[in-house]
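Participant: I have a structure I would like to understand better, so I am pasting it below and will then ask my questions one at a time.
The values are calculated or read from the model by the stated rules, or taken from the named source; none is laboratory data. Source: prediction; values computed, not measured. When we count neighbours, we look across all protein chains shown, and the Cβ atoms used for this are built from the backbone with ideal geometry, even at glycine. With ligands, DNA and RNA removed, areas are computed over all heavy atoms of the protein, side chains included. Shrake-Rupley method; radii C 1.70, N 1.55, O 1.52, S 1.80 Å.
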Amino acid sequence: MSVLRNLEAKLEGLVGGAFSRAFKSRVQPVEIARKLAKEMQDNQTVSISRTYVPNHYTVFLSSADREQFEGYEDGLKKELSDYLLEHARTEGLALVTRPTVEFETDDRLELGEFGILTQLVGAAEEEVAAAHEGGPSAEDFGHTMVYSPDRDARPLAPAAPVGRALLVGEGKRTVLSGSRLLIGRSRDCDITLEDPNASRRHAELRDEDGRWVITDLGSTNGVKVNGRRVEEAVLRPGDELTLGLAKLTFELE
């Protein structure tokens, strides 16, 4: 049995033989496997004695596509890791460690598209020196490549620049600056809430490549975005945040 055929059989087993039906119209896990192997082949770097390939792979999906992996994501990551390990062995390619696969959501992607970012993690710099000028570094093997069912592979375009981000509410307009801000009742927080129902360190805001993400820091009364309780969420203009009884609106100028 071929490596890819063996993977297909294991994927079927993840959902009791109904895997292909569950993923009939969107991103197919076997297609992700094929493109992961392609990215492994395309991102080789020659060291002093070996040809190394990436050992860390991030797969980016649209939010709608990622929902289809709910309940199967951990199993899928393991099967894809096993597949890449066997592929490297078959092709005689060197890995610093067992390959790992992670999934992330990227709202720049459309339904049916997925992106792959490859990295080489944990290698000694002197051992993995590229043999040619301009070769990929040990930390990052280049751009995220996007694969679509009806288009050629292409680099993922950088996020469009945005204006200033603000939180509006509780009688204040707060411009978000820096890469990390704390929200809570404590005076040590960057954004202080007067609400006694808010925890001292209630939530964190992070700027991730131009996208603001809110994370609940284990607060007593939780964080809600548009009325839905979340542990973490990417914010969009107009989103209403509820922290305790305080209500704030996320805006972009």
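Participant: State all residues of region 70-92 that are crowded, with 17+ Cβ neighbours inside 10 Å and assigned to a loop (DSSP other than H, G, I, E, B); if no residue qualifies, say none.
Facilitator: Result: TYR72, single match.
Participant: Only one of VAL213, VAL223 is of a type in the set (Val, Ile, Thr) and closer than 30 Å to LEU36 by Cα; which?
Facilitator: VAL213
Participant: Using the structure shown, decide if PRO149 is open to solvent by 70 Å² or more (accessible area, probe 1.4 Å) and either among the β-branched types (Val, Ile, Thr) or within 30 Å of GLU31 (Cβ to Cβ) (or both).
Facilitator: So PRO149 fits the description; yes.
Participant: State all residues of region 226-246 that are open to solvent by 50 Å² or more (accessible area, probe 1.4 Å) and either in a strand (DSSP E or B) or touching a residue at least 60 places away in the same chain (Cβ under 8 Å) (or both); if no residue qualifies, say none.
Facilitator: ARG228, ARG229, GLU232, GLU240 - these are the residues of region 226-246 that are open to solvent by 50 Å² or more (accessible area, probe 1.4 Å) and either in a strand (DSSP E or B) or touching a residue at least 60 places away in the same chain (Cβ under 8 Å) (or both).
Participant: Could you check region 98-205 for strands (runs of 3 or more DSSP E) lying wholly inside it with 3 or more residues that are within 30 Å of LYS35 (Cα to Cα) and at pLDDT 85 or above?
Facilitator: Counting at least 3 such residues, we get 100-105, 114-119, 145-148.
Participant: Next up: Which members of region 34-69 meet the condition of being open to solvent by 30 Å² or more (accessible area, probe 1.4 Å), under 17 Å from GLU113 (Cα atoms) and part of a helix (DSSP H, G or I)?
Facilitator: Answer for region 34-69, where residues must be open to solvent by 30 Å² or more (accessible area, probe 1.4 Å), under 17 Å from GLU113 (Cα atoms) and part of a helix (DSSP H, G or I): ARG34, LYS35, LYS38, SER63, ALA64, ARG66, GLU67.
Participant: Next up: Which residues, counting only those in region 177-197, are exposed (fewer than 14 other Cβ atoms within 10 Å of the Cβ) and either of a type outside the set (Gly, Ala, Ser) or within 16 Å of GLY222 (Cα to Cα) (or both)?
Facilitator: Within region 177-197, ARG180, ARG187, ASP188, GLU194, PRO196 qualify.
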